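Participant: I have a structure here, written as structure tokens, and I will follow up with some questions on it.
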Amino acid sequence: MKAEQQLAHLTQYDALTGLPNRMLLRDRLAQALARAKRAQTLLGVMFLGLDNFKEINDSLGHAVGDQVLVEVSNRLRGCLRGTDTIARHGGDEFSILLEDVHSMEEITRVAQKLLAAMAAPLRVAERDVYVTPSIGITVYPLDDLAPDRLLRNAELAMSQAKQEGRNNFQLFSPDMGARSEQRLDLQTRLRRAIEREEFVLHYQPQLEISTGRIIGVEALVRWNNDELGLVQPARFIPLAEDTGLIVPIGEWVLRTACRQMRAWQSQGYGKLVVAVNLSPRQFNQRNLVQTVEDILRDSGLDAGSLELEITEGSVMRRTEDAIVTLDRLHALGVQLSLDDFGTGYSSLAYLKRFPVNKLKVDQSFVRDIQTNKDDAAIVTTVVALAKLLGLTAIAEGVETPDQLDFLRVNGCDEYQGYLFSRPLPPEGVESLLQANARERR
Ligand code: C2E
Ligand code: MG
Ligand code: MG
């Protein structure tokens, strides 16, 4: 190749995957639009982002990350026709142009094919790596005519696909712009919330069923914003998780909860445990164990008084790595519990290898314990499973005396829920702790 050609190639193709880059994509899009206009056909524009690429990169390293990207691009390319274009934007984002299509169905069929192709693991560096895509789709001339706006539409639709739980595709709709602006606004506020110290922790008591004794509290974060009021975690934790803001927020939560518990212990409230939620992104942070260790040391709380709640999803995704992290946390002496248990997919074989202390029955099963036979069966099974593995079983979301009776009869060890108390600010918890101690005297 002549130097000039080489240079042209470098500026138009992605060096890693050999796919057209963003610049060449623009050319191709312009040509494809001209052809579609002339032939009066549709043009499908897809924007595809990988759901968990950052996690892979962080945990397995950039070299493996690069190989994953190469494998992904090969697999995606394998689903397309010669006349389609696939380009890499850089990072873990790709665009696909589907030419000469005549119906929406043809386009969605390709999207389904892409999702199906990515469902099987990639074999990279002698491991099975699971990568799922979120796909946004827009169609010329139905959604827009201008190339810039088509690309933007597809990207907006992809963000929507991520919010719909990832690993799916979404067709662009005009209201996506407004929704994404709202989200961006929330994100900007959330970013500032850390510096402005707008977060507060509420604590929900956890009780031993046989004695009615408060044995600990779960720390639940709240966001107190001037304009938005008190924002519940369901509204901002997923966003924090997506943007990575969960890492500094989570660290603040952990630090505050440990300090609070240390203060309660030194005020003579007895040996209580504080449970702190860890999101998947936090759990996968390389320096998690170090952070926990530092925070315990700084706060002066003994490791045994801290419990980390980890969701099934965090540990079942990359089980071997998860076991290493869990083992190290266990070695520190912290308690570990599996939150929302029963909602995900757990393998018994792995469960045996996780050094966890507790299974936390998800509140969705507890809610209908009285009326739904399946839910009742799940609860009794999880409790029995906990016993079998020598673990403690705790139920969350207990609202009625009947639910508590059911749990007691079936051997569940602990519970938390509105029946005893909602999550409360520290002062509220203190009154409950005092009352609980008096009752039991
Ligand atoms: P989770 O860890 O499963 O927490 C239990 C949720 O159930 C809490 O909701 C709690 O207020 C609620 N709850 C407790 N008792 C009852 C009851 O009797 N009935 C009903 N209907 N609900 C009850 P909350 O505080 O809104 O938190 C929701 C989720 O947000 C948590 O689910 C957890 O996954 C996440 N979260 C909360 N705080 C944090 C945090 O500091 N870090 C992270 N990573 N996630 C958090
Ligand atoms: Mg929890
Ligand atoms: Mg839960």
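The values are calculated or read from the model by the stated rules, or taken from the named source; none is laboratory data. The structure displayed is predicted, hence computed values, not measured ones. Don't worry about glycine lacking a Cβ; one is built from the backbone with ideal geometry, like all the others, and counts go over all protein chains shown. Just so you know, the surface numbers come from the protein's heavy atoms only, side chains and all, with ligands and any DNA or RNA stripped out. Shrake-Rupley method; radii C 1.70, N 1.55, O 1.52, S 1.80 Å.
Participant: Let me know the charge dipole size of the chain about its Cα centre in debye, to the nearest 20, where only the beta-carbon of Lys, Arg (+1) and Asp, Glu (-1) is charged.
Facilitator: Here the size comes out at about 520 debye.
Participant: Also, quick follow-up: Which of these, 126, 198, 164, has the largest mean-square fluctuation under a Gaussian network model of the chain (Cα springs below 10 Å)?
Facilitator: Result for the chain, Cα springs under 10 Å: 126 fluctuates most.
Participant: Moving on to the next point. Calculated from DSSP H runs of 4 or more alone, at -39500 (n - 2.57) each and per residue, what is the 222 nm mean residue ellipticity of the chain, nearest 500?
Facilitator: -16000 deg cm²/dmol
Participant: If you take the beta carbon distance between residue 399 and residue 127 as r and set R0 to 45 Å, what does 1/(1 + (r/R0)^6) give as a FRET efficiency, to the nearest 0.05?
Facilitator: 0.55
Participant: Now for a separate question. Mind listing the Cα extents of the stretch 7-98 along all three principal axes, in Å, largest one first?
Facilitator: 48, 30, 18
Participant: Excluding ligands, DNA and RNA, what is the solvent-accessible area per residue of the chain at a probe of 1.4 Å, expressed in Å²?
Facilitator: Roughly 48 Å² per residue, with all protein chains present.
Participant: Which residue, chosen from 95, 52, 280, occupies the Cα position most advanced towards the positive end of the dipole of the chain, where the dipole is computed from +1 (Lys, Arg) and -1 (Asp, Glu) charges on Cβ about the Cα centre?
Facilitator: So the residue we want is 95.
Participant: Moving on to the next point. Treat each spin label as a single point 7 Å out from the Cα along the C-beta direction, and report the residue 213 to residue 377 distance in nm.
Facilitator: Each label point is offset 7 Å from its Cα along the Cβ direction, giving 3.7 nm.
Participant: Place +1 on the Cβ of every Lys and Arg and -1 on the Cβ of every Asp and Glu in the chain, take the dipole about the Cα centre, and give the residue among 220, 79, 135 whose Cα lies farthest towards its positive end.
Facilitator: It is 79, whose Cα lies furthest towards the positive end.
Participant: Anyone know which of 89, 330, 62 comes out most mobile in the 10 Å Cα GNM of the chain?
Facilitator: 62
Participant: Now a separate question. Expressed as an acute angle from 0 to 90° and rounded to the nearest 10, what is the orientation of the C-alpha long axis of helix 233-243 relative to the principal long axis of the chain?
Facilitator: Relative to the chain, helix 233-243 is tipped by roughly 50 degrees.
Participant: When the accessible area of the stretch 187-319 is split by element with a 1.4 Å probe, what percent falls to carbon and sulfur?
Facilitator: Answer for the stretch 187-319 is 47 percent, counting heavy atoms of protein chains only.
Participant: Sticking with this structure for a sec: How far is it, in nm, from the label point at residue 8 to the one at residue 38 when both lie 7 Å from their Cα along the line to the Cβ?
Facilitator: 2.0 nm
Participant: If you don't mind, there's one more thing I want to ask. For the stretch 248-328, what is the charge dipole size about the Cα centre, in debye to the nearest 20, if Lys and Arg each add +1 at the Cβ and Asp and Glu each add -1 at the Cβ?
Facilitator: 180 debye
Participant: In the stretch 177-280, if the dipole is taken from +1 on Lys/Arg beta carbons and -1 on Asp/Glu beta carbons about the Cα centre, which of 230, 248, 260 is farthest to the positive end?
Facilitator: Highest projection toward the positive end goes to 260.
Participant: Another question, then. If you build a Gaussian network model of the chain, linking Cα atoms that sit under 10 Å apart, which residue out of 299, 180, 431 swings the most?
Facilitator: Of 299, 180, 431, the Gaussian network model singles out 431 as fluctuating most.
Participant: If I take every Cα pair under 8 Å that is 6 or more residues apart in the chain, average their sequence separation and divide by the length, what percent do I get for the relative contact order?
Facilitator: 11 percent
Participant: Distance check, please: which entries in 352/387; 271/352; 54/162 exceed 20 angstrom between their Cα atoms?
Facilitator: The answer is 271/352.
Participant: Let me ask another. Report the FRET efficiency, 1/(1 + (r/R0)^6), for residue 81 and residue 328, where r is their Cβ-Cβ distance and R0 is 56 Å, rounded to 0.05.
Facilitator: 0.70
Participant: Just report the Cα centroid separation between the stretch 365-395 and the stretch 277-313, whole Å.
Facilitator: Distance between centres, Cα-based: 27 Å.
Participant: In addition: Placing unit charges on C-beta atoms (Lys and Arg positive, Asp and Glu negative, everything else neutral), compute the dipole magnitude of the stretch 340-396 about its Cα centre in debye, rounded to 20.
Facilitator: Roughly 320 debye for the stretch 340-396.
Participant: Work out, step by step, the length gained on full extension between residue 227 and residue 58: first 0.36 nm times the residue separation, then minus their alpha carbon distance; give nm to one decimal.
Facilitator: That works out to 57.3 nm of additional length.
Participant: How big, in percent, is the set of alpha carbon pairs in the chain lying more than 34 Å apart?
Facilitator: 43 percent
Participant: Counting other Cβ atoms within 10 Å, keep those with at most 13, restrict to DSSP loop, and tell me which trypsin sites (Lys or Arg not before Pro) in the stretch 62-96 are left.
Facilitator: Here the sparse-neighbourhood loop sites are 81.
Participant: Any idea how far the Cα center of the stretch 109-131 sits from the one of the stretch 204-228, in Å?
Facilitator: Their Cα centres are 40 Å away from one another.
Participant: Relative to the longest principal axis of the C-alpha atoms of the chain, give the angle of the C-alpha long axis of helix 288-299, reported between 0 and 90° and rounded to the nearest 10°.
Facilitator: On a 0 to 90 degree scale, this one is about 40.
Participant: Could you pull out every one of the aspartates and glutamates with an alpha carbon less than 14 Å from that of residue 360, ignoring same-chain neighbours closer than 8 positions?
Facilitator: Reachable aspartates and glutamates: 208, 218, 307, 309, 312, 339, 340, 396, 413, 414.
Participant: Give me the extension gain from residue 104 to residue 23: residue separation times 0.36 nm, minus the current Cα-Cα distance, reported in nm with one decimal.
Facilitator: Stretched fully, the residue 104-residue 23 segment lengthens by 26.5 nm.
Participant: Residue separation times 0.36 nm, minus the C-alpha to C-alpha distance between residue 188 and residue 267: what's the value?
Facilitator: Length gained between residue 188 and residue 267: 24.6 nm.
Participant: What whole-number volume per residue, in cubic angstrom, does the convex hull of the C-alpha atoms of the stretch 1-155 give?
Facilitator: Roughly 117 Å³ of hull volume per residue.
Participant: Before anything else, pin down the relative contact order of the stretch 1-111: Cα pairs under 8 Å, at least 6 apart, normalised by residue count, whole percent.
Facilitator: Contact order relative to length: 35 percent.
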